[in-house]
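Below is one structure, written out as structure tokens, with a few remarks after it.
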Amino acid sequence: MTFKIEYYGSAVILWSKAGEPEIIRDYNPKVYVSSEGDLEDVEEMISEEEVSSTSIVSRKTGWRNREEDVLKVELRDLNQIKKLSRRIRRETEPGKVRLYNVDFSPQFRYCLENNLVPEHENLRTLELNISRKKVENEQIDKLMVNGCVYRESEYENLERLKTYLEEKNPDILIVNTSELVPLIHKKSREKGLNDFHLGRAAGYRQLSGGSNFESYGTTRYSPPRYDVPGRAIVNRSNSFFLEKTGMQGILDLVKRSCKPVQEAAWASIGNILTAIQVRHAKINNVLVPWKPWRHEMFKELSVLHRSDRGGFIFSPYTGIHKEVYECDFSSLYPNIICTKNISPETVRCECHDTEDVPELGYSICEKKGYLKDVLEPIINDREDIKEQIRNCNDEEEKKKLEAKSDALKWILVSCFGYQGYNNAKFGRIECHEAINAFAREIMMRTKKVFERNGWRIIHGIIDSIWIKAADGEKTVGLEETCQQITNEIGIKLEIEAEYDWIAFCPRKENVGGALNKYFGKRKNGDYKYRGVEIRRRNVPEFIKESQKAMIKCLDRTRKPEHICHLLKKRLRYLKTNRVDPKKLVIKRRMSKNTDEYLKNLKSVSAAKRADKLFSVDFMKGETISYIVTDGKKKGIGGVSNYGLEETKKYDHDFYGKKLLEACETVVSPLGWDMEDIKNFISDKREVDLRFFESG
């Protein structure tokens, strides 16, 4: 069964787990054209050199449209698709001619047009890791293969890797950097190992170069992508799903999206969701527009004002609360889509004039929408998987199930926001607005039921609610209350966690509580952290460990003074050089190229130092790791590049300030701020030894 698809000119090579390629020489990719005029006029524009054949066929150009005549164009190879499509758009009257099924990724296109579900079970993997420094210096005298480190000469390492590949015959190569592919091939030629290949045949290809892109306001770097014959390459540094769900999650998405494993691994959440939608469209004979053209419908100013809002948030009551429960709606937004039948072709449809959406008055068609068809199987499958997890005693099997559940969770999380994305193939802003309107109404109705049953909401955000028994009120059992809400809303409300205590932090500069900054201790003894230093990628490990110790101290004592005594001890560790510099590494993502920064940030200094001393150039979007050795120095002299050089020196004051900030987060629910902390630690009073036990 095919798991990998490769293109060479007009030929397609299908690879199976057995390692034997099947060559297809007569594959012709297809695009479709609709026109308000005569299709023959469009057909005359196309030369025989560009295409294999043209014909008139019946297809739907929208979910509610009837089948109509469109021009099917079969091209000679993939390279002609964009070229011909752009020419047709350029040479025809704007808006009169529309193109479909144009911008599919190559492997997905073949699977879609040939009704092929790629192999997604029992694929063998091999993981290769190498340090950035070795790549930059073009050295492979230290290479990690499936967790085993090869430390011999480059020739011997290559020989061992060759033997491993021959014996294990993996289908998937997981690499920590894509540059490992050209480096290994270059080194094998230099060492005279001409019969060594990472793939199942000779050579490799570069599919794309490195590039920068914006994602939710963050600049990221997409490294070059490479391909080897007969094996899928999964780049750990460029795979969201590998990081979040592991290979098991990716393979489950292969089955659902029909994207082969190599494409599924580097795809974004929206890309996978779109593939699932496109596959559903194909089954229903619906064509996929090249450029979405659905405009936003007219709205009165008052409606526009009400529609431009997100989900409902109950501002948190700051401080420490005992005996708290966290309740979550199960897949709230996807379930709103399904229970309310929200879909681009159902919201404000032409056949209804009812006011179905609260606040906004939009109508929703009674005919089942395509989005419900797409999401319901995913929601139901995730519920089944979660039930299997609850009943599973095999840890290995449980991990696989959790990976599948996580993969589906990310698809469900994105389906709501994707409706408002301007490049979504089947998105529509009115769907996005309607979902939010229903979500706000649900939260308000939920609040009324809780309060009627003697419960008080102390925080709520989007689909999660934290509650405790109201003072002096007789409460109805929580499970019974949740069941009442489930019955009334039509979406399951579950008890997610029970806390001994939970602390909601105040905002630093504004009045009120921080919406997503809290920590607490569950009844099972586990701690939960959100928005605090422990959860931040750019905070050093020593600061995280210290904050965990402070939270444990708060758990035992509830006294800010005790926490500050622990802070003093940790500060002494810093000042007496007893902290391993590895635990002080700061990681930051470069939002610009080094020469584009106007401010002399520490991360920029580290990047400049790496370039000057080690000829390592950090690109926009890449993550740099460094240790601050002198916070007062500006320029490359005040930092050290972790991974490229060794240092035992660090700036005590710089990291001491970070430690103070972490402590402020912990004591802020107790009413203390930075000034209180500094006043306390400057006191010279004697301290009882028991205050140091948590350190």
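Brief remarks follow.
- Looking at the range 295-397, the helices (runs of 4 or more DSSP H) lying wholly inside it that each contain 1 or more residues that are surrounded by 15 or more Cβ atoms within 10 Å (Cβ to Cβ) and modelled with pLDDT under 90 sit at 301-307.
- Of all residues in the range 567-609, those satisfying the criterion of being closer than 20 Å to residue 540 by Cα and of a type in the set (A, V, I, L, M, F, W, C) are 567, 571, 574, 579, 584, 585, 586, 590, 601, 604, 606, 607.
- Count of the range 53-79 residues, restricted to those that are farther than 30 Å from residue 369 by Cα and at pLDDT below 90, is 4.
- Matching residues in the range 110-151 - criterion: being part of a helix (DSSP H, G or I), within 22 Å of residue 199 (Cβ to Cβ) and in contact with a strand residue (DSSP E or B) (Cβ under 9 Å, 6 or more places away or on another chain): 110, 111, 134
- Of all residues in the range 118-150, those being surrounded by 14 or more Cβ atoms within 10 Å (Cβ to Cβ) and of a type in the set (Gly, Ala, Ser) number 1.
- Those residues of the range 226-240 which are surrounded by 19 or more Cβ atoms within 10 Å (Cβ to Cβ) and among the basic types (Lys, Arg), in sequence order: 231
- Only one of the numbered conditions (1) assigned to a helix (DSSP H, G or I); (2) more than 30 Å from residue 156 (Cα to Cα); (3) modelled with pLDDT under 90 is violated by residue 94, and that is (1).
- Of all residues in the range 409-468 being surrounded by 22 or more Cβ atoms within 10 Å (Cβ to Cβ) and polar (S, T, N, Q), the one that is farthest from residue 480 (Cα to Cα): 419
- Residue within the range 469-478 that is touching a residue at least 40 places away in the same chain (Cβ under 8 Å), among the hydroxyl-bearing types (Ser, Thr, Tyr) and at negative phi present: no
- Matching entry among 613, 601 (being surrounded by fewer than 18 Cβ atoms within 10 Å (Cβ to Cβ) and free of Cβ contacts under 8 Å to residues at least 24 places away in the same chain): 601
- Test for residue 626: is it modelled with pLDDT of 95 or more, outside the structural domain of residue 661 (by TED's automatic domain parsing) and of a type outside the set (S, T, N, Q): yes
- Extreme residue, nearest to the chain's Cα centre (by Cα), among residues of the range 1-42 that are closer than 21 Å to residue 288 by Cβ and part of a loop (DSSP other than H, G, I, E, B): 29
- One residue stands out in the range 586-603 among those that are in a loop (DSSP other than H, G, I, E, B) and basic (Lys, Arg): the one that is nearest to the chain's Cα centre (by Cα), namely 592.
- Only one entry in 364, 337 is out of contact with any helix residue (DSSP H, G or I) (no Cβ under 6 Å at 6 or more places or on another chain), touching a residue at least 12 places away in the same chain (Cβ under 8 Å) and of a type in the set (Val, Ile, Thr), namely 364.
- Here residue 482 fits the description: under 23 Å from residue 387 (Cα atoms), of a type outside the set (Val, Ile, Thr) and surrounded by 14 or more Cβ atoms within 10 Å (Cβ to Cβ).
- When every residue of the range 188-201 is checked against the conditions, at least one turns out to be of a type outside the set (Lys, Arg), in contact (Cβ under 8 Å) with a residue 24 or more places away in the chain, touching a Phe, Trp or Tyr at 6+ places or on another chain (Cβ under 8 Å) and in a helix (DSSP H, G or I).
- Screening 339, 354 for residues that are assigned by TED's automatic domain parsing to the domain that holds residue 445, of a type in the set (S, T, N, Q) and touching a Gly at 6+ places or on another chain (Cβ under 6 Å) leaves exactly one candidate, 339.
- Residue 41 falls short of the stated requirement of being of a type in the set (D, E, K, R) and either closer than 30 Å to residue 198 by Cβ or in contact with a Phe, Trp or Tyr (Cβ under 8 Å, 6 or more places away or on another chain) (or both).
- Set 179, 190: member being in the same structural domain as residue 132 (by TED's automatic domain parsing), over 32 Å from the mean Cα position of the chain (by Cα), acidic (Asp, Glu) and over 21 Å from residue 21 (Cβ atoms): 190
- The one condition in (1) closer than 21 Å to residue 102 by Cα; (2) touching a strand residue (DSSP E or B) at 6+ places or on another chain (Cβ under 8 Å); (3) in contact (Cβ under 8 Å) with a residue 24 or more places away in the chain that residue 10 fails to fulfil: (2)
- Pairs, first surrounded by 17 or more Cβ atoms within 10 Å (Cβ to Cβ) and of a type in the set (Val, Ile, Thr) in the range 620-632, second modelled with pLDDT of 95 or more and part of a loop (DSSP other than H, G, I, E, B), C-beta under 9 Å, six or more apart: 627/540; 627/585; 627/650; 627/651; 628/650; 628/651; 629/650; 629/651
- Residue check, residue 650 assigned to a helix (DSSP H, G or I), under 17 Å from residue 538 (Cβ atoms) and of a type in the set (Phe, Trp, Tyr): no
- So residue 488, is it farther than 26 Å from residue 386 by Cβ and not hydrophobic (A, V, I, L, M, F, W, C): no
- Only residues that are out of contact with any Pro (no Cβ under 7 Å at 6 or more places or on another chain), modelled with pLDDT of 90 or more and either at positive phi or assigned to a loop (DSSP other than H, G, I, E, B) (or both) were counted in the range 205-238, giving 1.
- Flag for residue 451 being at pLDDT 95 or above and more than 25 Å from residue 268 (Cβ to Cβ): yes
The values are calculated or read from the model by the stated rules, or taken from the named source; none is laboratory data. The shown structure was predicted, so the numbers you read here are calculated from the model rather than taken from an experiment. Don't worry about glycine lacking a Cβ; one is built from the backbone with ideal geometry, like all the others, and counts go over all protein chains shown.
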